[in-house]
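Taken together, the values in this text are just the output of simple stated rules run on the coordinates, not laboratory data. A quick note: this is a predicted structure, and the numbers were derived from the prediction, not measured. Here the Cβ positions follow ideal geometry from the backbone for every residue, glycine too, while neighbour counts run over all protein chains shown.
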Amino acid sequence: MRQSPYLTEGRLADVIAAIQFMSTNERSSLPCEDWAEGISGNKAKSTHWQKVFDEHPEFFRRSPNYEGYYALIWRRASPRLFFRKEGRLLTQAEYNGLPDLDKTLVSRPPVPTQQIKTLIDLAVELHAKAREQHTDWRWWVPIVTSFLGSFIGVLSGLAFHK
């Protein structure tokens, strides 16, 4: 069975940081290098962030339309009607009436604070479950060790008894 990516050192912190930054950024979808620059202040860490995004499809998705672009799934569920120039949602009729240049300033709206908390709580819960499952398999180690020790003791006793 494959190990959960939540068991990777520092992964929960990375997922939480990405959720916070991606849910409030003015753009809903960006190239991985731009997310890396925004989240960690270093575009060179884009490979790290790409791995985080790819290993956590429960939160992040690669854009099907733009190579190397990623988005927070929760945000992708919202309509692309947030006019960044004015900081408000447009109606479909308003969007249709915008000049083409202004349409480039339309994005998906930021995620509300309560929903960000929900996403972070979910990440914490998934991390806790991964840790719990990882430690659950260890219950049998003392039993098997005791059994093997007893078995070896019996075999040694028989060998030296002759």
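The table below lists the values:
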read-out	value
Segment K129-F21, extension gain: residue separation times 0.36 nm, minus the distance between their alpha carbons	36.5 nm
Paramagnetic reach from N65 (point 7 Å along Cα→Cβ, amide N under 20 Å) across region 18-43	22-35
Of S107, S146, Y69, farthest towards positive along the dipole that unit charges on Lys, Arg, Asp, Glu beta carbons give the chain	S146
Unit charges at the beta carbon, dipole of the chain: most positive-side option, S4, F53, A18	S4
Charge dipole magnitude, Cβ of K and R +1, D and E -1 - the chain, Cα centre, debye nearest 20	240
Rg in Å to one decimal, and Dmax rounded to a whole Å, for the chain via C-alpha atoms	24.8, 98
